[in-house]
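The values are calculated or read from the model by the stated rules, or taken from the named source; none is laboratory data. Given the structure is predicted, the values throughout are model-derived calculations rather than measurements. Using ideal geometry, Cβ is built from the backbone for each residue, glycine included, and neighbour counts are taken over all protein chains shown. Please note that ligands, DNA and RNA were not included when accessible areas were found on the heavy atoms of the full protein model with its side chains. Shrake-Rupley method; radii C 1.70, N 1.55, O 1.52, S 1.80 Å.
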Amino acid sequence: MDAAEFRKRGKEMVDYVADYLEKIDKRQVFPDVEPGYLRPLIADCAPQDPESFEDVFKDIEKIIMPGVTHWHSPYFFAYFPAASSFPALLADMLCGGIGCVGFSWAASPACTELETVMLDWLGKMINLPEEFLAGKDGQGGGVIQGSASEATLVSLLAARTKTIRRVQSEKPELTEADIMGRLVAYASDQAHSSVERAALIGGVKIKNVPSDDTFSVCGSALKKVLDEDKASGLIPFFFCATLGTTPCCSFDKLLELGPICNKENIWMHIDAAYAGSAFICPEFRHLLNGVEFADSFNFNPHKWLLVNFDCSAMWVKKRSDLTGAFKLEPLYLQHHHQESVPSLLPGLQHWQIPLGRRFRSLKLWFVLRMYGVRGLQEHIRKHVRLSHQFEHLVLQDERFEICAEVVLGLVCFRLKGSNELNKALLKSINEAKKIHLVPCHLREKFVLRFAICSRTVESTHVKFAWQHISQLATDLLKTWEQNHH
């Protein structure tokens, strides 16, 4: 394919994507395929000779689309939203076109500098304390990670290095292995599984701190676990607080937890993967109160801020804590501006697991400029309004109950009755394939999650979803009563 054909095919592809997104509500939200559907549809091995673009293009509808779950459909209410917008898609094309591998300032100055400035923009939008911003000569700053899981892992590894060095300076007789064996990380029993995975990769113990009846961790619960562990000779070093948990969007009590972590020399990382985007609205900013106690903070613009995956924003108060844990400078990565430009952040490669990085800040730049803070606030507020609309519909039906406070765009609800009944309801919803939902467990209850996800979702889609769920519940209860008596 030469440049001339690329121009032609590129325009066709843009049309195809625009049509796909414009008419996505006509497609069934969840595919009708069985595991292994794809292999018989394509050849056993790659073709020896080139095929035409037409042949490849024809196979998109034939082979790919039948197996796609349409995350951007207004009938998709599962997981959490995945952000997407036309400005972000255009920026991703440009990112692919420039194709730099931005591991250091010299590898592509714009890539490093735009990322640093965009994270300052975003930090100011959510009113992050000054010390998290790079500014012209700050100690902190932000970086784009691939996902919140990476941000948690990077902060845990930085905390581990920092603690090992501190303990060794206090007790030089201890080896690194002695200390490693005694380190403990903590997170809520509602925290995302990626926190446990970070501890697994980091080779340290992790303990769940029990959450209260609102599914939040409070200070007294953390203090109790810390006191027990310190008494048995363990070294608490890391606590991951969650703002907007995956099961029910609950919020750990930062104002109680922060001072404890600071006093005990424990690194506090805040995972606000989903909820963080809402903090651009002044009426939700109080949910972030206590961030001033944290060492690192992360949220995903690629969930709820119209920037498509992957774009996970992470800030640290002291960037030297991160670079201290990961910094290796072979000669081939050094460049003559290294010392002469102190105001630039040291190469962002020291802030992440991989060396290379895509030019991800372009899509943040496009979206922030083309929507403006007001446009993005309106997007968040619309989703929150729709979740309260759904909550209101559920509350009018005495067969159902709401299982957790609705704060942002997630409603946790269920039929009053057994877990088996609710499993049957979810099965009938997802087998009908008109809408898509996923469940969670809240204590011993099996609960249905209704998340407002699509950029194009409207009140009509929410009403349709509720009527559909309500009708399926009516049908189910009829047969259920006959079969269970």
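Set against the labelled values (1) 37.4; (2) 27.8; (3) 25.2, mean projected area of the Cα convex hull in nm² computed from this structure falls on (2).
Using Cα pairs closer than 8 Å and at least 6 residues apart in sequence, work out the relative contact order for the range 411-476, in percent. Walk me through the numbers before you get to the answer.
Values: 55 pairs, mean separation 22.9, N = 66.
Relative CO of the range 411-476 lands at 35 percent.
In the context of the full set of protein chains, residues of the range 3-82 present 70 Å² of accessible surface per residue (probe radius 1.4 Å, heavy atoms only). Here the Karplus curve 6.51 cos²θ - 1.76 cosθ + 1.60, taken at θ = phi - 60°, turns the phi angles of the range 286-302 into couplings of 4, 5, 9, 4, x, 4, 4, 7, 7, 8, 8, 8, 9, 8, 10, x, 6 Hz, with x standing for Gly and Pro. Using the Cα centre of the range 100-358 as the reference point, and only Cβ charges (+1 on K/R, -1 on D/E), how large is the resulting charge dipole? Debye, rounded to the nearest 20. The calculated dipole for the range 100-358 is roughly 240 debye.
A Förster radius of 60 Å combined with the Cβ-Cβ distance from residue 402 to residue 370 puts the calculated FRET efficiency at roughly 0.95. Between the C-alpha center of the range 15-64 and that of the range 379-447 there is a gap of 33 Å.
Classify the range 349-419 as rounded, prolate or oblate, taking a ≥ b ≥ c as the square roots of the eigenvalues of its Cα gyration tensor: rounded when a/c is under 1.5, otherwise prolate if a/b is larger than b/c and oblate if not. Could the numbers behind the result be given before it?
Details: a/c = 5.35, a/b = 1.97, b/c = 2.72.
Judged from the Cα gyration tensor, the range 349-419 comes out oblate (a/c at least 1.5, b/c at or above a/b).
Summary of the geometry: the range 255-284 and the range 84-108, compared by the centres of their Cα atoms, lie 30 Å apart.
Using packing as a proxy for protection, rank 223-232, 140-149, 35-44, 457-466 so that the peptide with the highest average count of other Cβ atoms within 10 Å comes first.
140-149, 457-466, 223-232, 35-44
For the range 100-358, what class follows from the C-alpha gyration tensor (a ≥ b ≥ c being the square roots of its eigenvalues): rounded when a/c is under 1.5, otherwise prolate if a/b is larger than b/c, else oblate? Please report the intermediate quantities before stating the final value.
On the way: a/c = 1.92, a/b = 1.20, b/c = 1.59.
In terms of gyration-tensor shape, oblate.
Phi-derived couplings, Karplus 6.51 cos²θ - 1.76 cosθ + 1.60 at θ = phi - 60°, listed residue by residue for the range 432-439: 6, 6, 7, 9, 10, 10, 10, x Hz, with x used for Gly and Pro. Taking a straight line from the alpha carbon of residue 58, these lysines sit under 21 Å away, with near neighbours fewer than eight places off in the same chain left out: 8, 11, 23, 26.
As a length-normalised measure over Cα pairs under 8 Å and 6 or more apart, the relative contact order of the chain settles at 22 percent.
The modelled label-to-label distance between residue 57 and residue 223, using points 7 Å beyond Cα along the C-beta direction, is 6.7 nm. The alpha-carbon of residue 162 sits under 14 angstrom from the alpha-carbons of these aspartates and glutamates, leaving out residues fewer than 8 places away in its chain: 170, 176, 264, 295, 321.
Show me the ranking of peptides 401-412, 49-60 by mean Cβ neighbours inside 10 Å, starting with the highest.
Details: 401-412: 21.8, 49-60: 10.5.
Final packing ranking: 401-412, 49-60.
For the range 13-26, putting each phi into the Karplus relation 6.51 cos²θ - 1.76 cosθ + 1.60 with θ = phi - 60° gives couplings of 5, 4, 4, 4, 5, 4, 4, 4, 6, 5, 10, 5, 5, 7 Hz, in residue order, rounded to whole numbers and with x for Gly and Pro. Taking every DSSP bridge with both residues inside the chain, close to 55 percent are antiparallel.
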